[in-house]
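Just below is one structure, and these are the notes that go with it.
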Amino acid sequence: MKKIPSLLLLTLFTMQSFAQKKDYNLIIGTYTSPGKSEGIYTYNFDVNTAEFNLKGVAKAITNPSYVAVSKNNKFVYSVAGGSDNSAVAAFSFNGLKGELSFLNKEATGSPGPCFVLADEKHAFSANYGGGSISVFGIEANGALTPLKQLLQHNGKSIDPLKRQESAHAHQVQFTPDGKYVVCTDLGEDQIYIYNYNPDAKEQVLSIKTVVKTTAGSGPRHLTFSPNGKFAYLAHEFNGSITTFAYKAGNLSKIQEIATTDKDFTGKVDAADIHISPDGKFLYETNRGDANTISAFAIQPNGKLTFVSRISTLGRGPRNFVIDPSGKYLLVGHQYTDNVVIFERNKKTGTLKDTGKRIELGSPVCLVFAPIR
């Protein structure tokens, strides 16, 4: 009888150890022209150790800079950028093998797609060059339909020298309730909130409201808190973060906070913004002359308090991602051709360099996906 508890303990320990060993697919979108990259890279990533290994490269399209994985983990969508070949591409995805197989691509009808978003029924691209949003249907096999809708922005803002001579849509994002699609427009200093009708044949998106941001700030990327109550907007030109309360398709400003030191005088070029899986900390990267990542603690009322700011240890931290366990934060550097892996202190939010690097050409977008 004395052996049974020991055996049970050993079994539980073994099960716990197995449960803690979690591998994920890490999918990285890149610039292929000009650059050293060949396409979309898939790695195996161990969230316990930050060990990684290359599983495959999809070479079907040019400049698959931003990617999105379908919720069922069966498909991947990417932008496809070319001087006269702007499109969104669809791939079938074998999560177990980490293999991407090209399905098709469809023209955006507007130049410069820079961000892609997808659910089960539609894929959307934010077209920086054209200042617009393209909407595609998704077939049962994951392939894209021809363009269903093109929504054109027509405004501008106060600083033509900072690319505000016309509209420049930069990101499309679902609201937490799934009822709306939000688009940040860097050229107009505005946030567009669209009603989303997933069953519509033509008018999938219709305008609900437009939120004006600080003139000359250049709204770039926005992220929502895990509880769905707050939204955080990174401004490319001045590097500030605006905190909004979110409810029923409406954004109400409650705070604006800087991400650079008071005496910083160089070019900011804010890039990306994400929240830790536990909802306790927010991170934001700046490129330009800064090349930093800042950490902020999120208070119960949604406001941010500064925690730390460190170098990203590379140039052009275009995008970053936090692994699903929250242990590691990975920063992709467009100009130094690598991904720097930081370990994240879950209690303090601070980052520490692991010394580990993924070397590849012009990494621009990093996404984790299950192995299944």
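Would you compute, from DSSP H runs of 4+ residues alone, the mean residue ellipticity of the chain at 222 nm, taking -39500 (n - 2.57) per run and dividing by the full residue count, rounded to the nearest 500?
Working: 1 runs with 18 residues, N = 372.
Calculated from helices alone, the mean residue ellipticity at 222 nm is -1500 deg cm²/dmol.
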**Prompt:** Pulled fully out, how much extra length does the chain show between Asp23 and Ala200, if you take 0.36 nm times their separation in residues and subtract their Cα-Cα distance?
**Reply:** 59.9 nm
**Request:** Quick one: check the C-alpha center-to-center distance for the range 187-215 versus the range 88-139, whole angstrom.
**Result:** 19 Å
**Complete:** Among the range 124-141, those whose backbone N falls under 20 Å of a label point 7 Å along Cα→Cβ from Leu150 are 124-138
**Request:** Please give every one of the lysines within straight-line cross-link reach of Lys71, meaning a C-alpha to C-alpha distance under 16 Å, and leave out same-chain neighbours fewer than 8 residues apart.
**Result:** Lys121
**Request:** Determine ³J(HN,Hα), in whole Hz, for all residues of the range 357-372 in sequence, where each value follows from phi through the Karplus function 6.51 cos²θ - 1.76 cosθ + 1.60 and θ = phi - 60°; x replaces Gly and Pro.
**Result:** 9, 9, 8, 7, x, 6, x, 10, 9, 10, 9, 8, 9, x, 9, 6
**Among Thr312, Thr259, Thr145: highest mean-square fluctuation, GNM of the chain, C-alpha pairs under 10 Å** = Thr145
**Prompt:** So how much slack lies between Thr354 and Ile310, counting 0.36 nm per residue of separation and subtracting their Cα-Cα distance, in nm?
**Reply:** 14.4 nm
**Prompt:** What residues of the range 288-328 lie in the reach of a label at Tyr335, counting those whose backbone N is under 14 Å from a point 7 Å from the Cα along Cα→Cβ?
**Reply:** 288-292, 312-319
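Grab the Cα-Cα distance for Leu96 and Asp119, subtract it from 0.36 nm times how many residues apart they are, and report the gain in nm with one decimal. Provide the component values of the computation, followed by the final result.
Values: separation 23, 0.36 × 23 = 8.28 nm, distance 2.09 nm.
Using 0.36 nm per residue and subtracting the Cα-Cα distance, I get 6.2 nm.
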**Complete:** Across Ile273, Ile133, Ile158, the residue with the highest GNM fluctuation in the chain (Cα network, 10 Å cutoff) is Ile158
**Request:** Any aspartates and glutamates with Cα under 18 Å of the Lys97 Cα? List them, leaving off those in the same chain fewer than 8 positions away.
**Result:** Asp23, Asp46, Glu51
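Taking R0 as 25 Å, what's the FRET efficiency between Ser325 and Asn72 from their Cβ-Cβ distance, rounded to 0.05?
On the way: r = 22 Å, r/R0 = 0.87.
E between Ser325 and Asn72, to the nearest 0.05, is 0.70.
Which of the peptides 52-59, 217-224 is most tightly packed, and how do the rest follow, going by the mean number of other Cβ atoms within 10 Å of each residue? Intermediate results must be reported in sequence, preceding the final value.
Details: 52-59: 16.4, 217-224: 23.8.
Order by mean packing, descending: 217-224, 52-59.
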**Message:** Please compute the alpha carbon radius of gyration of the chain, then divide it by the globular-protein estimate 2.2 N^0.38 Å. Two decimals is fine.
**Reply:** 0.99
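Each reported figure results from applying straightforward, stated rules to the coordinates on display, with no laboratory input. Everything numeric in this text was worked out from a predicted model, so none of it was measured. Please note: Cβ atoms are built from the backbone with ideal geometry, for glycine as well, and neighbour counts cover all protein chains shown.
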